[in-house]
Amino acid sequence: MKKPAAAKAPKTPAVPVEGQCRCGAVRLEIGFPARWAWHDHSAASRHAHGAAYATYVGSWRSRFRVTEGEDLITRFVDDAAGTARSFCARCGTPLCFERAHSPTMVNVPRALFEGRTGREPRYHIAIHESPEWAYWGEAVGPLKGFPGVVWERPRKNKRRDDSGLF
C-alpha cells in the first residue's frame, strides 16, 4: 500500500543581513545564511581590493538587493573574463563581483557586513596566485611603544660551524 505523499513545507524566506560601503551611501542585503564563503587569492581580486586576498560571501541573486544608493554604483565589466565588479562611486568600496558563467549568484565582500552572514570562509580560490609577501600566520609579538601593532621578529640566522671543515 502506498504512503500518502507528505506535503512539502513552504520555504521560509531568508532573514536579510545588511551590509554597506565605507561611506554608508550604498546599502545592500543578502539572505541569511549566505550560500557559501571563501578567500580569493587571484590577482584580479587582489588588484580590485588592493589587498593580499579578498574574502567573499556568495548569495543567490534572488536573495540579494541594493536597499539604498543604487544610483551611486559604478561597474567595471571585463568582457574577456566574463566578470563584472561593482563599486561605490563615492568612496570606492568594492560592492559585488559577478560572473557570466554563474548568473544566479552574486559575490559580496565579507567585510561589508558587521554581523554574521551564516557561513565561514573555508575555501581558498587561486591560492597558487598568492603573493610571496602575504601573511601566512607567522608568529607575531607586540611592537614596543606602538599599542595595537604587532610584528614578525626577524629570523635568526644559524651560525655555521666551519671548525670541522679543515
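Okay, here's what the table says:
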quantity	calculated
FRET efficiency, Arg116 to Lys156 (Cβ-Cβ, R0 35 Å, nearest 0.05)	0.25
Cysteines (scope the chain) whose Cβ has no counterpart Cys Cβ under 4.7 Å	Cys96
Dipole moment magnitude, nearest 20 debye, the chain about Cα centre, only Lys, Arg, Asp, Glu C-beta charged	720 debye
Relative exposure of Leu143, Leu72, judged by other C-beta atoms within 10 Å (fewest first)	Leu143, Leu72
Lys/Arg +1, Asp/Glu -1 at C-beta; the chain dipole; positive extreme among Phe32, Ala51, Gly137	Phe32
Of (i) 17.0; (ii) 15.8; (iii) 19.1, the label for Kirkwood radius over Cα pairs in Å derived from the coordinates	(iii)
Potential lengthening between Phe146 and Ala44 on full extension [0.36 nm per residue; Cα-Cα distance subtracted]	33.4 nm
Gain upon complete extension [Arg22, Ala139; 0.36 nm per residue less C-alpha separation]	39.1 nm
222 nm mean residue ellipticity, helices alone, for the chain (DSSP H n ≥ 4; -39,500 (n - 2.57); rounded to 500)	-1000 deg cm²/dmol
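Just so you know, all these numbers are worked out from the coordinates, no wet-lab data involved. Note that this is a predicted model, so its numbers are computed, not measured. Glycine also receives a Cβ, built like all others from the backbone with ideal geometry; neighbour counts cover every protein chain displayed.
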